[in-house]
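Working notes for the structure below.
The values are calculated or read from the model by the stated rules, or taken from the named source; none is laboratory data. If you're wondering where the values come from, they're calculated on a predicted model, not measured in any experiment. As a convention, Cβ positions derive from the backbone with ideal geometry for all residues, glycine included, and neighbour counts pool all protein chains shown. All accessible areas refer to the heavy atoms of the entire protein, side chains included, with ligands and DNA or RNA removed. Shrake-Rupley method; radii C 1.70, N 1.55, O 1.52, S 1.80 Å.
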Amino acid sequence: MGGVIRRRCDTFVSYLYRYKMEQNKFVNTSSFIKRLFYKIATPCYRELPFIVISIYMMNSLSRSLDDALLVLGSPNAYYATIGNILVLFLFAYIGAAIITYLKSKILYSSCKILLYLGVISLYVISHFLLQNFGMSISPTCLILLAETTSNEASEFINQYIFSNASIPTIKMTSMFLVIITIFEILWNIFKSKIYPNPHTLKNIFSIIISTIVIISVFYASLTTWKLCKVESSDHIRFLEPPSDPLCSIFTSILTVNMMENDMADAIKLNKSIHLQKNSFISSTDSLNIIVVIGESYIKHHSHLYGYPLKNTPYLTQEVLNENLYTFKDVISSSNSTSVSLRNILCCNNSSNNEVWHKHPYFLNIFKSSGYKVYFWSNQVDFAKKETFSFTLNSFLYNPEICELAYTKRNLQSYKFDEDIVQSFTDSVNCEFNKHNLIIIHLNGQHHGVRERFPYNKFKYFNADSINRNEPFLGIDEKEYIADYDNATLYNDYVLRKIIDEFRNSNSILVYLSDHGEEVYDYRYQCARDQGPLTALKLKYQYEIPFMVWCSDIYIEKYPEKVTAIKNAVNRPFISDNLCNMLFNLGGIETPYYRDSLDLISPNYKCKKRIINNHYIYEDIRYSID
C-alpha cells in the first residue's frame, strides 16, 4: 500500500515539475517577445521627430496623396497612399534605429546630422524640380545628369540656383529647418513625460509599433520583388511603385538599367531580322501606305463619332464620298505616348503579355522586304526634358534603328503640324519608289492645345459654343474645351493636306491616335493621369479614333480589300496589333504576320483586350459603378 502511495506521489511531483518547467518556458518566451517588441519600438520613441518629419517631407512631394484626393472614395488610391507611407516609415525607421543604438555620442550626433542632411537634400532637389520643371526625380533626370558637362552644369547653376527660381525652395527648406530644430528641442525636454509609463500601456505601444514595422517590411519586400520581376521598363510604371523621392531614385536607376537592356535586345533582334531577309513583297503593283499617328485625340470630341460640334468637315466629306471608313471600337493599350507607340510600331501583342523589345519593329520589316520607309515626326525634339519623350525617341531615333528601318527621316520639329507635312512633301515627294511606307507622327491635340493650331486662322469655337452646364465648368474651362475642339478642327485640316498629296495615286492611309485625353469631360480634370481606372476614364483616355482612307485608284484596284475594310468597322480592336493589318494591306509575306490579329482578315479573333499590362478593358469599361 505504501509503495502505491509513494509511486503516485512521485508521479504528482513529476507532473508539477514538468508544469513548472513549461510555465518557465512560457514566461521566458513571453518575456523575450516583450523585450524584442520593446527594442523594435524604442527608435520610434527616441527619434520621433526624425521619423515624423522625414515621412512628412518626403510624402509632401509624392503623387499618391494627390491620387487619393483626385479619386475620392477610391480604395485603390487610398491603398497607394497607405503603401507610400509604409515605405517612407520603413526608411525613416531604419535611419532612427541606426542612430538609436549607436553608443558613442559623437557617432550618434554625426550620423543624425547626416541623415537629416540626406532627407533635406532629397527634399530640396525634388521641390526644385517640381517647382521649376514640373517633374520629379525620374530616369530622364539621371540620364541628363550623367550627360551634363561642367560648362552646362555651371550655366545651370547660374541660371537657376543663383536666381529667383530657387526662392520658393529656399523658403520651404528654411521653414522645415526651423520646425526640425523646435521639434527636436521640445521632444528632448518632454519625451520622458509623454512616453507611457504604466506597464500595460508600454506593452501596447510596443506591439503597435512592431506590427507597423513588420507590415512595412513585408510591403516594401513585396514591392521590390514585383519591380525586380518585370520584363520591360514599360511595365514598371503600371505597378505604381511608391513615388516619394527616395523610392523614385531606386525606381529610376532600375528603369534606366532596364531601358538599356530593352534597347540592346531591340537592336540585336532587328539586326537579325534585317540579315535573315525572310520578308518580301508579294504584289507587283505600286503602292503608298501612309500611317498618320495623332496625339491625344479624344474620340468623343470628334464629329465623326457623334460629337455635336462640326470639327471634322473635311473628313466627314470623305466619308460621304465613300473614301473614308471609321472604326467604332478601337482602344490603345496605354494612355502613355511612349508605351503606346512602342507597342503600335512593334509586332508584339501586349494582350498576350508580349513586350515590344522582343518583337520586330515593323518598319524594319517593311524596309527589308523592299519598301522605302519614310519617318516624319513632329515630336522629334518635342518636350525633351519629359520622360515620355526621352524613352520614346531614344528608341525611334537610335542611330542603329534609323539605319535599319528608315530610308529617310526628318531632323527637326515644327510649331504646327501643317509644317511637318510640308517638310515631308518638300523633302521626299520626288524620291518615291514603287512601294512606299510613310509614317507621319503629329503633335495633334497634345496638352496645351492653344499652342497646337494657328490661333488667328482656326479660332472657330469659343466658350459660348460649349453647351454644357456641369457645376465644375466655368468660362475658362469652357474656353479650354473650345480650344481643344479648335485643335481637332485644325487636325482635320492637316489630314486633308496629307490626303490631297496622295489623292491621285494608288494609296491607302490609316489614321489612329496614340491615346485619348481628358478636357473637363466628366470631372474637373484636364489631363491624363496614372490613377485608378474607371469606366469613364477608359472612355476618354483609352478609346481612340481609327480610320482608313482609300484613294479612288486603290478602291478600283483592290475592291476585295475595301470590302474587308468595310466589314471590319465594328470589330473590337487594340492598336498594338496594327502591324498585322499593314502587312496584309502592303502585300508583305513575313513569318511575323498573324492573321488572327489582322483586323481585316476573315480569321480575325479579338480576345480580351489588356490595358496597362494587367487590366481587361471590357471588365472595367462596361462595369456598373
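Structure data summary
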quantity	calculated
Label-reachable residues, region 401-434, where backbone N falls under 14 Å from a point 7 Å from LYS557's Cα toward its Cβ	433-434
Rg/Rh (Cα only; Kirkwood hydrodynamic radius) as it applies to region 523-579	1.16
Inter-label distance, nm, simple model (7 Å from Cα along the C-beta direction), MET175/ASN433	6.1
Hydrodynamic radius by Kirkwood, which averages 1/r over all alpha carbon pairs of region 525-625, in angstrom	15.7
Theoretical gain in end-to-end length, PHE190 to ALA463 [0.36 nm per residue, Cα-Cα removed]	92.3 nm
Inter-centroid distance (Cα atoms) of region 584-625 relative to region 265-324, Å	16
Pair LEU411, THR425: separation of 7 Å Cα→Cβ label points (nm)	2.3
Accessible area of LYS608 in the full protein assembly, 1.4 Å probe (Å², nearest 10)	130
Accessible area (Å², per residue) of region 267-421, counting only protein heavy atoms and a probe of 1.4 Å	35
With every protein chain in place, region 424-479: carbon and sulfur % of accessible area (1.4 Å)	45
Accessible area of region 485-554 divided out per residue, in Å², using a probe of 1.4 angstrom	23
Length released on extending from PHE250 to LEU102, taking residue separation times 0.36 nm less the Cα-Cα span	50.6 nm
Cα centroid of region 532-557 to Cα centroid of region 477-510, whole Å	14
Carbon plus sulfur fraction of accessible area for region 265-313, probe 1.4 Å, in percent	57
Label point distance in nm, CYS402-GLU470, each placed 7 Å from Cα along Cα→Cβ	4.3
Which listed pairs, of LYS103/LYS202; LYS310/LYS608; LYS367/LYS497; LYS372/LYS457; LYS171/LYS539; LYS537/LYS561, have C-alpha distances above 31 Å, in listed order	LYS310/LYS608; LYS372/LYS457; LYS171/LYS539; LYS537/LYS561
